[in-house]
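Enquirer: If you scroll down you'll find the structure; I have some questions about it.
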């Protein structure tokens with residue numbers, strides 16, 4: 001996807017590094033400070049659930065479509081959840097269209113793991129006829145503007161879209177296997193809210209929520225997704241640099257403090273549709 | 001041609017309220033009126049300047065911009081648009097690739113520029129003994145002048161001489177190239193204000209890349225904030241004063257915070 | 001989806017209400033509500049967002065920019081490329097993320113509707129890329145995409161002869177009607193998507209499917225042109241407003257001081 005030669009100027013690299021030595025960032029943020037987060041809930045009426053998230057200069061839209069289908073054969077008593085991402089060429093001069101590449105698939109799978117492993121969606125409650133018919137949830141994230149940290153923007157968008165989703169109630173005739181879609185709507189069964197926090201490691205310094213300029217000079221990337229209990233439900237090291245045990249400690253400590261406000265924001269945003277969680 | 005074969009009388013054009021008659025003909029806008037592609041600007045024997053095109057005796061806007069009439073030319077000062085190289089322009093470029101005796105340079109244009117070793121070095125260059133990569137490597141940033149460009153061939157750069165050459169440290173800020181004239185200001189009024197108020201060294205490339213180097217991050221960041229304001233409010237009046245206020249207020253705020 | 005029977009309710013039989021208006025309360029020559037925004041993205045050189053009925057469309061333009069791979073470059077003019085894509089969640093049944101034949105054709109006709117307006121000879125060897133993402137589809141996406149893409153081109157500062165504006169006209173229950181909604185499109189007898197260069201009064205897109213008498217076809221074109229001209233006024237106003245707004249805001253700030 002990064003098709004054109006993308007060279008970061010030596011001056012920019014030097015500038016970012018020299019600021020980090022003094023604990024400063026190019027956009028005047030603290031090392032462990034998220035950019036401004038703006039969320040629009042349910043902008044897409046035709047999706048069962050949707051959310052647009054603007055994180056600094058990054059903009060993504062997530063949509064949830066829910067269908068009925070067979071379960072996976074190894075999990076007959078669970079609904080199906082699939083996360084998919086599209087890095088559209090709208091979002092960056094360096095994104096090209098075509099089948100999903102490594103970067104796209106990694107993004108989709110990290111978001112997927114956060115939702116799946118935190119049991120954000122209670123998949124067992126999505127079974128209609130055990131072993132035969134379950135609800136199938138697709139979460140599709142479209143990146144519209146890329147200014148770094150697609151992981152956290154996408155994770156927030158996916159969570160809000162799932163929590164805001166309203167799916168038609170169905171009536172199951174267990175004898176004939178016929179499923180009738182009713183006019184009434186219901187919410188998806190949500191039992192956790194995962195929040196991811198992504199760090200860039202630049203010249204040995206960790207920064208939260210890197211912007212594009214920082215991402216372009218990062219040596220390594222860390223994404224840690226936490227549950228509302230404070231446990232770690234997904235972790236992903238990226239980039240060709242290395243990380244240390246101290247880095248992991250730092251990340252865990254920072255997440256303790258920084259994930260909860262994001263979770264509160266998500267709760268607040270979906271309170272109207274869901275009531276208190 | 002056309003689905004509605006002209007019942008437009010030549011002298012009465014629909015929707016036009018403002019008519020100015022000159023010796024060349026008539027034009028239909030107030031100075032600096034915002035126009036869009038396809039807007040009829042005038043009829044007569046004008047010359048078509050930048051952002052304007054002609055069909056027979058009719059002159060139309062080709063871009064979103066501010067219409068103007070100067071010395072027989074109808075033109076539109078563009079409000080948006082990428083950088084197209086012009087001879088003699090000063091630009092800031094990034095080295096993208098090396099050849100045997102030259103570098104390929106990104107100047108933020110649709111055409112990658114070429115800098116030959118002889119246009120950078122004061123001494124002779126021999127590809128047998130010298131390696132261009134020892135002189136400038138990928139990612140290095142230069143200030144250069146466009147020596148020649150005609151769209152059919154890639155622009156040729158000159159990077160030796162007064163004010164030209166490689167840049168070290170500082171930071172690079174990118175703004176829309178159409179806003180560059182505002183950053184410079186009338187007879188350099190804006191750029192001089194920025195330099196004076198912040199104490200930073202600043203080089204403005206016509207391609208919308210600006211190099212800033214100051215004593216501290218805070219000083220450089222003042223320039224970044226000022227440039228953002230200039231970019232947003234370009235083409236408004238009294239901008240220089242507002243930028244001065246922004247810088248002074250910001251300095252005051254920081255001063256109070258540090259106390 | 002193996003042996004799952006989904007029973008869904010059919011929409012009401014008639015596309016007209018008892019008072020003779022269309023289901024959404026429109027007359028035959030009336031457009032759906034339209035909202036436009038210009039300059040909605042940071043990275044793109046030009047961008048626009050258009051809501052046309054329930055269509056929600058983002059268009060972005062990159063360029064003129066260097067073309068990779070270089071052997072595709074045209075020696076005498078810029079290459080215009082266009083990609084029309086629908087989000088998986090933009091339609092009732094989730095669409096596969098991979099582009100289908102429909103998206104490939106629409107990309108082509110949208111490009112061919114825009115290119116006549118662009119001064120491509122100013123930028124030999126370069127490319128102008130137009131990307132359209134349908135976030136929600138509600139009938140007439142290609143026409144609304146053209147409206148959005150033209151705004152994005154203007155926002156990118158690409159030199160053009162004129163804007164381009166699109167609108168569809170169709171036939172529902174024997175009557176010619178502009179700007180079919182999704183339901184009307186699906187249950188109606190035909191659809192004619194068209195686009196114009198509005199001040200030049202020339203057509204840059206014309207397609208049709210369904211069944212029209214020659215008289216109906218001509219009537220449809222006339223109604224379509226009138227509808228396009230209304231949309232063009234909105235395009236013009238939004239482009240001018242974008243810049244006059246900054247001027248006004250500044251003027252207000254100065255008054256306050």
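The values are calculated or read from the model by the stated rules, or taken from the named source; none is laboratory data. Remember, it's a predicted structure, so these values are computed and weren't measured experimentally. Quick reminder, even Gly has a Cβ in these numbers, built from the backbone with ideal geometry, and neighbours come from all protein chains shown.
Enquirer: Within the stretch B:40-59, which residues are at the interface with chain C (Cβ under 9 Å from one of its Cβ atoms) and over 24 Å from residue B:83 (Cβ atoms)? Before the answer, list the steps.
Expert: Initially, the stretch B:40-59 is screened for residues at the interface with chain C (Cβ under 9 Å from one of its Cβ atoms), giving B:40, B:51, B:53, B:55.
B:40, B:55 - these are the residues of the stretch B:40-59 that are at the interface with chain C (Cβ under 9 Å from one of its Cβ atoms) and over 24 Å from residue B:83 (Cβ atoms).
Enquirer: Evaluate the stretch A:18-34: report whether one residue or more is within 9 Å of another protein chain (Cβ to nearest Cβ), touching a helix residue (DSSP H, G or I) at 6+ places or on another chain (Cβ under 9 Å) and modelled with pLDDT of 95 or more.
Expert: no
Enquirer: Moving on to the next point. Of the residues that sit in the stretch A:231-276 and are in a loop (DSSP other than H, G, I, E, B) and under 23 Å from residue A:53 (Cα atoms), which one is modelled with the lowest pLDDT? Spell out how you get there, then give the answer.
Expert: Quick first cut of the stretch A:231-276, residues in a loop (DSSP other than H, G, I, E, B) only: A:231, A:239-244, A:275-276.
Still in the running and under 23 Å from residue A:53 (Cα atoms): A:275-276.
Values: A:275: 80, A:276: 59.
Among those that are in a loop (DSSP other than H, G, I, E, B) and under 23 Å from residue A:53 (Cα atoms), it is A:276.
Enquirer: Within the bounds of the stretch C:162-183, is there any residue that is within 14 Å of chain B (Cβ to nearest Cβ), touching a residue at least 12 places away in the same chain (Cβ under 8 Å) and more than 14 Å from the chain's Cα centre (by Cα)?
Expert: Yes, that holds for at least one residue.
Enquirer: Collect the residues in the stretch A:206-225 that are under 15 Å from residue A:111 (Cβ atoms) and touching a residue at least 40 places away in the same chain (Cβ under 8 Å), keeping them in residue-number order. Give the steps one after another, and end with the answer.
Expert: The first filter runs over the stretch A:206-225 and keeps only residues under 15 Å from residue A:111 (Cβ atoms), leaving A:221, A:223-225.
Result: A:223, A:225.
Enquirer: Looking only at residues in the stretch C:133-149 that are within 9 Å of the chain's Cα centre (by Cα) and more than 14 Å from chain B (Cβ to nearest Cβ), which one is surrounded by the most Cβ atoms within 10 Å (Cβ to Cβ)? Please lay out each step first, then the result.
Expert: If we filter the stretch C:133-149 for residues that are within 9 Å of the chain's Cα centre (by Cα), which is where we start, we get C:140-149.
From what's left, more than 14 Å from chain B (Cβ to nearest Cβ): C:140-146, C:148.
Numbers: C:140: 27, C:141: 29, C:142: 25, C:143: 29, C:144: 32, C:145: 29, C:146: 36, C:148: 34.
This residue is C:146.
Enquirer: While we're on this one: Specify which of the listed residues (C:195, C:152) is modelled with pLDDT of 95 or more, farther than 30 Å from residue A:162 by Cα and in contact with a helix residue (DSSP H, G or I) (Cβ under 7 Å, 6 or more places away or on another chain).
Expert: On the way: C:152 fails: in contact with a helix residue (DSSP H, G or I) (Cβ under 7 Å, 6 or more places away or on another chain).
Going through C:195, C:152 in turn, just one is modelled with pLDDT of 95 or more, farther than 30 Å from residue A:162 by Cα and in contact with a helix residue (DSSP H, G or I) (Cβ under 7 Å, 6 or more places away or on another chain): C:195.
Enquirer: What number goes with the only condition from (1) within 21 Å of residue A:145 (Cα to Cα); (2) within 11 Å of the chain's Cα centre (by Cα) that residue C:152 does not pass?
Expert: Here residue C:152 clears every test but (2).
Enquirer: Could you list all residues from the stretch A:162-205 that are within 27 Å of residue A:50 (Cα to Cα), within 14 Å of chain C (Cβ to nearest Cβ) and either in contact (Cβ under 8 Å) with a residue 40 or more places away in the chain or outside any strand (DSSP E or B) (or both)?
Expert: Correct list: A:162, A:164, A:165, A:166, A:167, A:170, A:172, A:179.
Enquirer: Quick test of your reading of the structure: residue C:28 fulfils all but one of (1) in contact with a strand residue (DSSP E or B) (Cβ under 6 Å, 6 or more places away or on another chain); (2) within 14 Å of chain A (Cβ to nearest Cβ). Name the failing condition by number.
Expert: Result: residue C:28 fails condition (2) only.
Enquirer: Which of the following residues is at the interface with another protein chain (Cβ under 7 Å from one of its Cβ atoms) and at pLDDT below 95: A:67, A:74?
Expert: On the way: A:74 fails: at the interface with another protein chain (Cβ under 7 Å from one of its Cβ atoms).
Every option except A:67 fails the conditions.
Enquirer: To continue, here is another question. Among the residues of the stretch C:201-210, which ones are outside any strand (DSSP E or B) and modelled with pLDDT of 95 or more? I'd like the intermediate steps shown before the answer.
Expert: Of the stretch C:201-210, the ones outside any strand (DSSP E or B) are C:201, C:207-208.
Within the stretch C:201-210, C:207, C:208 meet the criteria.
Enquirer: While we're looking at this one, here's another question. Inspect all residues belonging to the stretch A:236-254 and state whether any of them is farther than 18 Å from residue A:199 by Cβ, touching a helix residue (DSSP H, G or I) at 6+ places or on another chain (Cβ under 6 Å) and buried (at least 16 other Cβ atoms within 10 Å of the Cβ). Break it down stepwise before answering.
Expert: Filtering the stretch A:236-254 down to residues farther than 18 Å from residue A:199 by Cβ leaves none.
Within the stretch A:236-254 (the criterion being farther than 18 Å from residue A:199 by Cβ, touching a helix residue (DSSP H, G or I) at 6+ places or on another chain (Cβ under 6 Å) and buried (at least 16 other Cβ atoms within 10 Å of the Cβ)), the answer is no, since none of the residues qualifies.
Enquirer: Out of (1) more than 8 Å from chain C (Cβ to nearest Cβ); (2) in a loop (DSSP other than H, G, I, E, B); (3) surrounded by 23 or more Cβ atoms within 10 Å (Cβ to Cβ); (4) touching a helix residue (DSSP H, G or I) at 6+ places or on another chain (Cβ under 8 Å), the odd one out for residue A:8 is which?
Expert: (3)
Enquirer: Can you tell me which residue in the stretch A:133-150 is nearest to residue A:96 (Cα to Cα), limited to those that are part of a loop (DSSP other than H, G, I, E, B) and at the interface with chain C (Cβ under 9 Å from one of its Cβ atoms)? Working first, answer last.
Expert: We begin by selecting, within the stretch A:133-150, every residue part of a loop (DSSP other than H, G, I, E, B); these are A:146-149.
When the remaining residues are screened for being at the interface with chain C (Cβ under 9 Å from one of its Cβ atoms), the result is A:146-147.
Numbers: A:146: 13, A:147: 16 Å.
So the residue we want is A:146.
Enquirer: Same structure, new question: Residues being under 12 Å from residue B:166 (Cα atoms) and more than 24 Å from the chain's Cα centre (by Cα): count how many of those fall in the stretch B:109-137.
Expert: 4
Enquirer: Still on this model: When the stretch C:52-78 is examined, which residues are found to be part of a strand (DSSP E or B) and either within 20 Å of residue C:116 (Cα to Cα) or more than 10 Å from every other protein chain (Cβ to nearest Cβ) (or both)?
Expert: Looking only at the stretch C:52-78, we keep the residues that are part of a strand (DSSP E or B), and these are C:52, C:55-66.
Within the stretch C:52-78, C:52, C:55, C:57, C:59, C:60, C:61, C:62, C:63, C:64, C:65 meet the criteria.
Enquirer: Pull up the stretch B:77-88, narrow it to residues that are out of contact with any helix residue (DSSP H, G or I) (no Cβ under 9 Å at 6 or more places or on another chain) and surrounded by fewer than 19 Cβ atoms within 10 Å (Cβ to Cβ), then point me to the one that is nearest to the other protein chains (Cβ to nearest Cβ). Step through it out loud before you land on a result.
Expert: From the stretch B:77-88, those out of contact with any helix residue (DSSP H, G or I) (no Cβ under 9 Å at 6 or more places or on another chain) are B:85-88; that's our starting set.
From what's left, surrounded by fewer than 19 Cβ atoms within 10 Å (Cβ to Cβ): B:86-88.
Numbers: B:86: 13, B:87: 17, B:88: 20 Å.
Across the stretch B:77-88, the extreme among qualifying residues is B:86.
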